[in-house]
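What follows is a single structure, written as structure tokens, with notes after it.
The values are calculated or read from the model by the stated rules, or taken from the named source; none is laboratory data. Small disclaimer: the values here were computed from a predicted structure and weren't measured. Every residue, glycine among them, receives a Cβ derived from its backbone with ideal geometry; neighbour counts consider all protein chains shown.
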Amino acid sequence: MVDNRNGFFCFEPSSIFIKNSTIVNHDGIKEGNILIENGIISDIFKGALRRRVDLEIDAKGKLVLPGAIDIHFHIREPGEPYNETIYTGTLSAAKGGITSLFMMPNTDPPIDNPQMVAFVRSRAMQNSFVRLFPVGCATFRREGKRISEYGLMKREGIIAVSDDGRAISSSFVLRKSLEYSKNFGLILIEHPEDSELSGDANEGVLTLKYGLTPYPSVAESVCVARDILLAIYVEGKLHLTHLSSAESLELLRFAKEKVKRDQSKAQITSDVTPHHLLLSDEDFSVKDTNFKVNPPLRSRKDVQSLLEGVAEGLIDCIASDHAPHPDFRKLTDFPSSPFGISQADFFVSLCFILVRREIIKIEKMVELISFNPAKIFGLNGGEIKEGRWGDLIIFDPDREFTVREEDIVSRGRNCPYIGWNLKGMVEKTIVAGKLIYDAEIFQGRKREVFP
């Protein structure tokens, strides 16, 4: 059985000393020096270092955060490497402050059998710059008809199961998936969407004006209602991904309260994306397909509900749903364009907007992007403490930069934030004690790293 507890990456763990650190965890901020040995945080202390390490970094004036754990990330290898490879996708993630990612299984062919999991694992051990955790398909070929081989896929290294991009439409199959995943110690990551109700954009004036197929919020919430009721019934582990509507949060609140009240063994968690927190259907333009996402950008009321859900802890995580596409696919009419946003390059900086707007504190941001994902999926990361992974980012909260297409590392340039001025920048990314990304070295040299 493959040990997937540490993810898969292409380098050996290393040792590093970070001095003059302002350490930000979910439970507070403190000063200290951080020693990472063999990829693990071995000591946090004040004073001089009295041993040799591979690298020493002075973090004075910067913040040191746990690396982000992105539980929803799309890589197009195998099948469409011109969209994104493990190499380019994980380098993009490192640039954005992501040190672990969950690779969704909607590749071509999909990750629905142990051989495909082994292939992804092998490629990650050759090319991944961050910890890569494969997610296996919940059903064969993501068709929603027959459960995949959960046990065999877990032996090869999957972290969870999902048919992401599609919901499991059959309630019978969904029940079986929740039961099987529970038996194998896996979580079902569910994409809540009723395909018979979904369309191109949020239902409203714009869909009428431009003749687009409406995608009402009830297309999501009707699935959320079914999913949580079945999860509670079988006491399964369900994670609802990229929630976008106020109604979904009302149902999520009901579910969490019921689980607590009934002392159920069910576990129901959720995530939301940066774009559903920062953009609404008022920002939508039918002429710019970079705003076409699934679920679609919702109303200001929905956005406000999501922000409140993040602030109060109703929503557990923020995940990127990084979905790169080449220009030739996005430069078409809106209905023909694929769903998806490329945003891994700027993930932590985008999340930091919520801190600058005083919606959440930086400790809460760390909880949402690092601590909670680690806690939910049983990973040894998410906080800067002795014995945890040596996965950190050095972050300058005052450094400003403009999002430019030519600076995007991902092969997907389908980014709606082009031209945005962001304050707060990832300067260095460290994975397993090894410096993977340094903005000062990388600046202007992207094309020397890969074609």
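Observations, loosely collected:
- Restricting SER280, SER285, SER264 to residues that are modelled with pLDDT of 95 or more, more than 23 Å from the chain's Cα centre (by Cα) and polar (S, T, N, Q) narrows the list to SER264.
- Leading residue by the ranking (farthest from the chain's Cα centre (by Cα)) among those in the stretch 41-62 that are within 25 Å of ALA439 (Cβ to Cβ) and of a type in the set (A, V, I, L, M): LEU49
- Listed here are the strands (runs of 3 or more DSSP E) enclosed by the stretch 1-83 that have at least 2 residues being loosely packed, with under 14 Cβ neighbours inside 10 Å and basic (Lys, Arg), and there are none.
- Near pairs, Cβ below 7 angstrom, 6+ apart or cross-chain, from the stretch 278-293 (outside the structural domain of ILE418 (by TED's automatic domain parsing) and free of Cβ contacts under 8 Å to residues at least 60 places away in the same chain) to any residue that is surrounded by fewer than 19 Cβ atoms within 10 Å (Cβ to Cβ) and of a type outside the set (Gly, Ala, Ser): SER280/ARG300; GLU282/ARG300; VAL293/PHE339
- Criterion: modelled with pLDDT of 95 or more, aliphatic (A, V, I, L, M) and surrounded by fewer than 23 Cβ atoms within 10 Å (Cβ to Cβ) - qualifying residue of ILE441, ILE360, ILE369: ILE360
- Check on LEU297, surrounded by 18 or more Cβ atoms within 10 Å (Cβ to Cβ) and in contact with a Ser or Thr (Cβ under 6 Å, 6 or more places away or on another chain): yes
- The residue of the stretch 84-103 that is farthest from VAL348 (Cα to Cα), among those that are in a strand (DSSP E or B) and among the β-branched types (Val, Ile, Thr), is THR99.
- A count restricted to the stretch 67-100 and to residues that are aliphatic (A, V, I, L, M), touching a helix residue (DSSP H, G or I) at 6+ places or on another chain (Cβ under 6 Å) and closer than 21 Å to ASP407 by Cα stands at 5.
- Residue match in the stretch 368-377 (condition: assigned to a helix (DSSP H, G or I) and free of Cβ contacts under 8 Å to residues at least 40 places away in the same chain): yes
- Consider the stretch 381-394 and keep the residues that are within 20 Å of LEU91 (Cβ to Cβ) and touching a Pro at 6+ places or on another chain (Cβ under 7 Å). The one that is surrounded by the fewest Cβ atoms within 10 Å (Cβ to Cβ) is GLY381.
- If the condition is being buried (at least 23 other Cβ atoms within 10 Å of the Cβ) and either assigned by TED's automatic domain parsing to the domain that holds PHE328 or touching a Leu at 6+ places or on another chain (Cβ under 6 Å) (or both), then the stretch 395-418 contributes only PHE395.
- The requirement of being farther than 20 Å from HIS74 by Cα and of a type outside the set (Lys, Arg) is not satisfied by GLY340.
- For GLY424, the criteria (1) surrounded by 16 or more Cβ atoms within 10 Å (Cβ to Cβ); (2) over 16 Å from ILE318 (Cβ atoms); (3) of a type outside the set (Val, Ile, Thr); (4) assigned by TED's automatic domain parsing to the domain that holds ASN25 hold in every case but one, which is (2).
- Residue in the stretch 163-176 that is surrounded by the fewest Cβ atoms within 10 Å (Cβ to Cβ), counting only those that are in contact with a Gly (Cβ under 8 Å, 6 or more places away or on another chain) and polar (S, T, N, Q): SER170
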